[in-house]
Each structure stands twice: as structure tokens, then as C-alpha cells.
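The values are calculated or read from the model by the stated rules, or taken from the named source; none is laboratory data. Model, not experiment: these values are computed from the prediction. Positions of Cβ are generated from backbone atoms using ideal geometry, with glycine treated the same way; all protein chains shown enter the neighbour counts.
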């Protein structure tokens with residue numbers, strides 16, 4: 001039984017899908033005007049692990065994550081470089097997909113783009129205007145937050161408590177300072193014809209329409225970073241409530257932010273880490289292990305200390321698996337079977353709102369048992385295999401891969417020579433063989 005923390009209710013709830021055995025999940029994707037930083041990579045990993053968990057528990061998952069490929073920043077960059085907005089967007093979409101692959105994520109099933117959804121977006125806005133939930137002023141269209149009594153239910157911020165201008169740009173055209181743009185009159189860059197004149201859509205409308213288009217009017221899970229709760233997700237839910245009389249998703253799930261050396265990552269501090277660079281430096285497995293080492297709803301800190309701790313932990317897990325694989329290869333045996341009890345313990349911890357720290361404890365316990373079995377004079381390969389395979393299955397849910405070991409005849413001869421030299425107490429020769437095995441990464 002999977003239980004998840006629902007931002008809307010502020011409670012951990014049992015997951016009950018709309019359609020039995022199936023999960024519909026939408027995670028807000030990037031506005032593609034720059035490369036992905038390590039903060040963008042966290043939801044990639046968090047929701048990839050969630051998808052893998054659902055699959056491990058027998059669910060089918062339809063995972064949608066969009067690309068916002070029209071925005072003022074995209075338009076400005078296109079004008080600066082004297083190229084089309086499409087060129088800018090495609091450059092960063094390709095880079096973003098590259099990071100997803102670097103991180104060994106299961107790519108979303110559908111990746112809709114705003115520019116490919118324009119007719120539906122304009123129709124959606126038109127319906128809101130006709131219903132009286134939106135209004136046009138001088139070619140701009142705004143959503144009336146006062147028209148939806150449930151406004152504030154996702155972020156738990158109420159209009160009476162919000163100070164105009166705190167996070168919303170004040171605008172004399174608006175009836176309420178918190179009314180937000182559905183359509184923007186545009187003088188420069190890419191634009192589309194609409195009933196209100198040439199322009200482009202507002203961010204908050206784009207996502208809600210892409211959800212309706214690709215998953216339907218009510219989905220199981222809507223996810224993203226904590227910074228999207230307000231105003232983005234709040235505004236999405238308000239539009240859906242106005243037009244379809246539901247809050248768009250049954251479960252709203254948000255991951256916490258990433259800090260760098262204990263400080264918030266920001267352009268002003270100059271401490272932005274590009275995801276591509278981090279993964280190239282640390283490797284896929286280490287990056288993912290670090291990202292899942294703290295609970296997804298807690299802030300994640302990237303520092304030399306946390307990286308080194310994660311490195312030691314991961315090596316503590318992977319080294320015994322490699323050792324088991326090498327010993328099995330030398331013995332000419334195949335390790336089969338899985339300790340399902342330990343694997344079930346791992347899944348139970350993951351089912352509890354993706355409690356990865358507790359799940360790590362089960363991995364360490366499994367590795368301890370594997371180490372014990374490998375130290376026996378006569379190794380029980382059924383036992384060792386059950387522990388080894390359970391650990392590998394656990395790591396797979398976390399998106400961490402275990403390289404296959406293939407020993408050549410030369411490798412086997414080196415091991416035989418090393419063991420013989422040790423048995424004969426020929427330590428000089430043993431050191432030579434050991435160095436060669438280390439050079440090959442076999443010990």
C-alpha cells in the first residue's frame with residue numbers, strides 16, 4: 001500500500017488510483033531558455049523513483065512532463081541571437097533530454113509542447129471568458145481569482161492574507177491584484193491570433209490544458225518542485241475548478257529545493273551548478289544516490305562533505321555486489337533467487353511516502369548479510385545470490401545500475417596466480433598480481 005504526502009490536504013494518504021492498476025502522473029517541465037541546473041534535476045530523479053516504485057508494485061504508469069517552449073525569456077534570447085524561438089527551444093529541449101538520459105531516468109511517455117497545443121489553449125481561455133471566470137482588457141485576458149471560492153486550497157494561502165505585490169506583479173488593469181494572465185498581448189517575437197488579438201498564452205494556463213489534453217480532466221498525481229505550489233499550481237487548480245469543477249489532481253506532490261554548501265542556489269550568489277556538469281563529474285549512480293539520500297520533502301545539500309559521504313555509502317553497497325559477482329564467475333556458478341522478505345521490507349519503506357533514508361537502511365542490512373555469506377569457507381551460492389539479487393532489485397527502484405562482471409581467461413589466471421602467491425606467502429609476486437587486478441578494477 002503506497003502512501004503519499006498530499007500538499008492539498010497536508011497529510012500522508014493511502015494512494016487510491018482513479019483507474020485500478022494505473023497511475024496518471026504529470027510533472028511540470030522546464031521553460032526551455034537555458035540549461036538544466038541541479039535543482040531542475042531533483043524532480044527528474046524524485047518522480048522517476050516514484051514511477052519506478054509504482055511499477056515495482058505492479059502499476060502501469062502514464063507519465064507526462066511538458067516543455068514550455070514559448071516565454072519572454074525564450075523570445076528575448078531568440079532576438080539576441082537573431083534566430084527563431086524554435087531554434088532556442090529545441091537547443092535546450094535536447095540538452096534537457098540529455099540530462100534525463102545521463103541520470104538514467106525512464107523518459108516520460110509524453111512530452112507535450114506549448115506551441116503544439118495552442119488551439120486547445122485558446123479554446124480553453126475562451127471558455128473561461130464565456131463562463132465569466134476571465135475577462136479581457138486591451139488585448140490581455142486575466143483570470144478572476146474571486147470567481148473561484150476554492151482559490152488557495154493547494155498552497156493554503158488565502159487572498160485575505162496575501163499582500164498585493166509580494167509575489168504578484170501589480171497591474172492597474174486587473175480587478176484583483178492576484179488575477180493572473182491567461183493571454184498576453186505581444187508586440188515582439190512569436191505570437192498567435194486569438195479572439196482578443198495577437199499574443200501568446202500565460203504560463204499557468206499552458207500546463208492545465210496539456211494535462212487535460214494528454215491525461216484527461218482529472219489525474220492521480222500532479223508533481224513538481226516546492227516553488228511551484230504558489231502561484232503556478234494554485235492557478236492551475238483554480239482554472240480547472242472554474243471549467244471542470246474539480247481540482248485537477250487527487251494528489252499534489254512537491255519536492256523540496258536544493259542548496260549548495262548550505263545556501264540557496266541562485267544566480268545572484270553565483271552558485272548555480274549545471275546538472276550536466278555535476279553528473280559528468282560524479283557519475284550517474286553517485287548523483288542519484290546522493291539525491292535520494294534525504295527524504296524528497298527535505299532540502300538537499302550539495303557540498304564536498306555530502307558528496308564524499310554519499311560516495312563512501314555507495315561504494316559500501318556496490319563493492320560487495322562486485323565481489324560476489326567475481327567470486328561467482330571464478331567458481332563458475334550463476335547466482336539465482338531473491339530474498340523476497342528483504343526486498344519487501346525495502347518496498348514497505350519506500351511505500352511510506354518514499355522514505356528513502358529508511359529504505360537505505362534495508363539496503364545496508366542486505367549488504368551486511370551478503371558480506372557475511374561471502375566470508376564463509378564454503379559459500380552458499382543460493383544464500384549469497386538471494387542477498388545479492390535483492391540488493392540489485394532495490395537499487396533498480398532507485399535508478400542505480402550495477403555493471404555486469406565479465407571475466408576473461410586472463411582475468412581468471414590472474415586471480416589464480418594471486419591466490420597461489422598468497423598461499424605460498426610469496427608476497428612480492430602477490431603484490432604484482434594484486435596491482436594488475438586493481439588496474440583492471442576487479443578488486
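So the values come out like this:
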item: Some residue of region 162-178 being surrounded by 13 or more Cβ atoms within 10 Å (Cβ to Cβ) and under 30 Å from residue 24 (Cβ atoms); result: yes
item: Residue match in region 326-339 (condition: crowded, with 19+ Cβ neighbours inside 10 Å and closer than 24 Å to residue 225 by Cα); result: no
item: Filter pass, residue 261 being crowded, with 19+ Cβ neighbours inside 10 Å, touching a residue at least 12 places away in the same chain (Cβ under 8 Å) and not assigned by TED's automatic domain parsing to the domain that holds residue 290; result: no
item: Some residue of region 285-292 being touching a helix residue (DSSP H, G or I) at 6+ places or on another chain (Cβ under 9 Å), buried (at least 17 other Cβ atoms within 10 Å of the Cβ) and in a loop (DSSP other than H, G, I, E, B); result: yes
item: All positions within region 324-358 that are in contact (Cβ under 8 Å) with a residue 60 or more places away in the chain and either in a helix (DSSP H, G or I) or more than 23 Å from the chain's Cα centre (by Cα) (or both); result: 324, 325, 326, 329, 330, 347, 350, 351, 356, 357
item: Looking only at region 370-400, and only at residues there that are under 21 Å from the mean Cα position of the chain (by Cα) and part of a helix (DSSP H, G or I), the one that is surrounded by the fewest Cβ atoms within 10 Å (Cβ to Cβ); result: 396
item: Residue match in region 120-137 (condition: touching a strand residue (DSSP E or B) at 6+ places or on another chain (Cβ under 9 Å) and without any contact (Cβ under 8 Å) to a residue 12 or more places away in the chain); result: no
item: Any hit, region 216-223, residues being assigned by TED's automatic domain parsing to the domain that holds residue 251, assigned to a strand (DSSP E or B), at pLDDT 95 or above and over 28 Å from residue 157 (Cβ atoms); result: no
item: Selection status of residue 267, without any contact (Cβ under 8 Å) to a residue 24 or more places away in the chain and either outside any strand (DSSP E or B) or within 19 Å of the chain's Cα centre (by Cα) (or both); result: yes
item: Residue satisfying all of: in region 198-215; modelled with pLDDT of 95 or more and more than 21 Å from the chain's Cα centre (by Cα); farthest from residue 15 (Cα to Cα) among these; result: 198
item: Sole residue being free of Cβ contacts under 8 Å to residues at least 24 places away in the same chain, within 30 Å of residue 52 (Cα to Cα) and surrounded by fewer than 18 Cβ atoms within 10 Å (Cβ to Cβ), chosen from 107, 159; result: 107
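Residue by residue, here is whether (1) within 19 Å of residue 199 (Cβ to Cβ); (2) surrounded by fewer than 17 Cβ atoms within 10 Å (Cβ to Cβ) holds:
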{"residue": "100", "(1), (2)": "no, no"}
{"residue": "127", "(1), (2)": "yes, yes"}
{"residue": "135", "(1), (2)": "yes, no"}
{"residue": "142", "(1), (2)": "yes, no"}
